[in-house]
Amino acid sequence: MSRGFSNYEYSNGRTDHSGSFHKPQRTFLLAFLTSLFVVCGRANYTNLSRYSPLSERTFRRNLNRGIGFESVNSHLIQTHGSREGVQILVVDATFHEKSGRHTPNQDGFYNGKSGQVETGLEWSVVAVVDVEQNTAYALSAKLTEAGLSDRRDVAADEIEHQVCRNRVDFYLGHLAYCQTYVPKRVEYVVADSFYSKRKWVDGVVNLGWNAIGKLRQDANLKYLYQGPRRSGPGRQKTYDGKVAPLERQLKYFTLTETLDDGTELWTAVVWSVSLDRRIRVVCLRRLVEGKERYILLFSTDVNLSASDILAYYRARFQIEFIFRDARQYTGMVDSQSRNLDALDAQVNGSLTALNLAKVTLRQEATVTAQPTPEVISFSIASFKRKALNEHLLELFIAMFDLDPTWIKLNPNYQKLLEYGSLKA
């Protein structure tokens, strides 16, 4: 298959973060990532071997060793992301159904599909979202450890010499692990409301980034007093009452923008009691059936504009498309192995294959569109269909000993490549 995969130099990646991939490893990676897009059905070892010259044993042996894809993903992001556009770091977790009782790290995790806690695996995923391209590129996935509580929240300065006392500790450890591979221009880490905890926010700030997230509607916020300072001894007045989003004090909140759907963006710098810090809060107010509804977003960067906070939080949703496409098209949850290294290699390999598909589609758009639009529409389903068609045509040419030059020059060859594909 020649849809851009073989053109990428895998020597930029690392297996143990200390040495480059050797030639046998690069050969296996090319076959493995290619097979993920041509396989029909589940991407387990047996089925992958049916669409590849490699045997089931070869897949099992190489994946059981573990493969580090973070350097490959980092190189793809820095090479094919927008040149000067804003990039943000997005963190989220996805549930992985796993039958049986002998797979390590099985525990009760929240399954967003069913809306309840179920027994299975959970993967913490860190991705880089290119806001200008409106595209998310996966950076790393790590299996959440079992036996960690997600309820107990302790301040970051109280966990010295402790290891993963709860899941927030684990997520912060994963984020710190990825710090080496994150592009230098990334300044913000965006996550959903689960991560809006003091420990998480303090950990993100300690790593050198700013946190953006969503607050509860009943978040405990206080106005910072901006009135005249009184003379005489004693502590000066610090706060000026509790924030009630439905009863905003206009001397603190500012209306910055009204969106096309009528949503108003009100913003102010306030004190968060739960986060124990000054934050910029954005209140999205909208009338629904005559009743006022609101959402509270926040940023630890008090100088960030309300429109940027909203734009970055909206861009966070791009990571959900990674989960969807990796599950449906690149075999993210198809591994039947109980080996932790093999599970890690399969999940991260599926995410890397998805990154390569996005890069290839962007390169194809560069050839067909002048100038190249920053935001392009594409279908991973169509990409996989074209990859399978190309694989079959190459197989026919090789097995029937045909001349590939004349066949590929025929205008019908392109029609056969696009047979069954969707129009993006």
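For Leu361, work out the one condition from (1) hydrophobic (A, V, I, L, M, F, W, C); (2) at pLDDT below 90; (3) part of a loop (DSSP other than H, G, I, E, B) it doesn't fulfil.
Checking Leu361 against (1) hydrophobic (A, V, I, L, M, F, W, C); (2) at pLDDT below 90; (3) part of a loop (DSSP other than H, G, I, E, B), the one that fails is (3).
Within the range 116-130, is there a residue that is open to solvent by 50 Å² or more (accessible area, probe 1.4 Å), under 16 Å from the mean Cα position of the chain (by Cα) and either within 28 Å of Arg26 (Cβ to Cβ) or among the acidic types (Asp, Glu) (or both)?
No, there is no match, as no residue in the range 116-130 is open to solvent by 50 Å² or more (accessible area, probe 1.4 Å), under 16 Å from the mean Cα position of the chain (by Cα) and either within 28 Å of Arg26 (Cβ to Cβ) or among the acidic types (Asp, Glu) (or both).
Out of everything in the range 218-247 that is buried (at least 18 other Cβ atoms within 10 Å of the Cβ) and hydrophobic (A, V, I, L, M, F, W, C), what residue ends up being farthest from the chain's Cα centre (by Cα)?
Of everything passing the filter in the range 218-247, Val243 is farthest from the chain's Cα centre (by Cα).
Quick one: which strands (runs of 3 or more DSSP E) lie wholly within the range 193-272 and hold at least 1 residues that are over 30 Å from Tyr177 (Cα atoms)?
221-224, 239-242, 254-258, 264-272
Can you say whether Ala353 is assigned to a helix (DSSP H, G or I), crowded, with 23+ Cβ neighbours inside 10 Å and either out of contact with any strand residue (DSSP E or B) (no Cβ under 9 Å at 6 or more places or on another chain) or in contact (Cβ under 8 Å) with a residue 24 or more places away in the chain (or both), as far as the supplied structure shows?
yes
Inside the range 94-108, can you point out the residues that are open to solvent by 30 Å² or more (accessible area, probe 1.4 Å) and within 28 Å of Val201 (Cβ to Cβ)?
Hits for the range 94-108 are Asn105, Asp107.
When you scan the range 178-199, do you find a residue that is of a type in the set (Ser, Thr, Tyr), under 30 Å from Phe69 (Cβ atoms), touching a Ser or Thr at 6+ places or on another chain (Cβ under 9 Å) and open to solvent by 70 Å² or more (accessible area, probe 1.4 Å), even just one?
yes
Across the range 299-334, what is the total count of residues that are over 17 Å from the mean Cα position of the chain (by Cα) and open to solvent by less than 10 Å² (accessible area, probe 1.4 Å)? Walk me through how you get there before you give the answer.
Start the filter on the range 299-334 by keeping residues that are over 17 Å from the mean Cα position of the chain (by Cα), which leaves 299-310, 334.
Retained after the next criterion (residues that are open to solvent by less than 10 Å² (accessible area, probe 1.4 Å)): 299, 306, 309.
Summing the residues that are over 17 Å from the mean Cα position of the chain (by Cα) and open to solvent by less than 10 Å² (accessible area, probe 1.4 Å) in the range 299-334 gives 3.
Has the range 148-164 got at least one residue that is at pLDDT below 95, among the β-branched types (Val, Ile, Thr), surrounded by 12 or more Cβ atoms within 10 Å (Cβ to Cβ) and in a strand (DSSP E or B)?
Looking for residues that are at pLDDT below 95, among the β-branched types (Val, Ile, Thr), surrounded by 12 or more Cβ atoms within 10 Å (Cβ to Cβ) and in a strand (DSSP E or B), one finds none in the range 148-164, hence no.
Could you grab me the full set of residues in the range 73-98 that are part of a helix (DSSP H, G or I) and among the hydrophobic types (A, V, I, L, M, F, W, C)?
Listed by number, the residues that qualify are Leu76, Ile77.
Right, Gly208: within 24 Å of Leu284 (Cβ to Cβ) and touching a helix residue (DSSP H, G or I) at 6+ places or on another chain (Cβ under 9 Å) or not?
no
Pairs please, first residue from the range 49-75 and closer than 26 Å to Tyr177 by Cβ, second anywhere and among the small types (Gly, Ala, Ser), Cβ atoms under 6 Å, 6+ apart in sequence or on different chains.
Leu63/Ala342; Leu63/Ala345; Asn64/Ala342; Gly66/Ala345; Ile67/Ala345; Glu70/Ser140; Ser71/Gly13; Val72/Gly13
For the list (1) open to solvent by 70 Å² or more (accessible area, probe 1.4 Å); (2) within 17 Å of Ala311 (Cα to Cα); (3) among the hydrophobic types (A, V, I, L, M, F, W, C), I need the number of the one condition that Leu250 fails.
So Leu250 meets the others, but not (2).
So which residues in the range 269-285 are in contact (Cβ under 8 Å) with a residue 60 or more places away in the chain and surrounded by 21 or more Cβ atoms within 10 Å (Cβ to Cβ), if there are any at all?
Listed by number, the residues that qualify are Leu275, Val281.
Give the number of residues within the range 378-422 that are touching a residue at least 40 places away in the same chain (Cβ under 8 Å) and open to solvent by 90 Å² or more (accessible area, probe 1.4 Å).
Adding up the residues that qualify gives 1.
Suppose the filter is modelled with pLDDT of 95 or more, open to solvent by less than 70 Å² (accessible area, probe 1.4 Å) and part of a helix (DSSP H, G or I); does Leu172 pass it?
yes
Go through the residues of the range 120-134 one by one and say whether even a single one is in a strand (DSSP E or B), touching a residue at least 12 places away in the same chain (Cβ under 8 Å) and polar (S, T, N, Q).
Checking the range 120-134: at least one residue is in a strand (DSSP E or B), touching a residue at least 12 places away in the same chain (Cβ under 8 Å) and polar (S, T, N, Q).
Working only within the range 200-217, note down all residues that are open to solvent by 30 Å² or more (accessible area, probe 1.4 Å), among the hydrophobic types (A, V, I, L, M, F, W, C) and more than 19 Å from Val273 (Cα to Cα). It would help to see each step written out before you state the result.
We begin by selecting, within the range 200-217, every residue open to solvent by 30 Å² or more (accessible area, probe 1.4 Å); these are 205-208, 210, 214, 216-217.
This time we only want the ones that are among the hydrophobic types (A, V, I, L, M, F, W, C), so: 205, 207.
Scanning the range 200-217 gives a single hit, Leu207.
The values are calculated or read from the model by the stated rules, or taken from the named source; none is laboratory data. If you're wondering where the values come from, they're calculated on a predicted model, not measured in any experiment. Methodologically, a virtual Cβ is constructed for each residue, glycine included, from the backbone with ideal geometry; neighbour enumeration extends over all protein chains shown. These area figures cover heavy atoms from the full protein model, side chains too; ligands, DNA and RNA do not enter into them. Shrake-Rupley method; radii C 1.70, N 1.55, O 1.52, S 1.80 Å.
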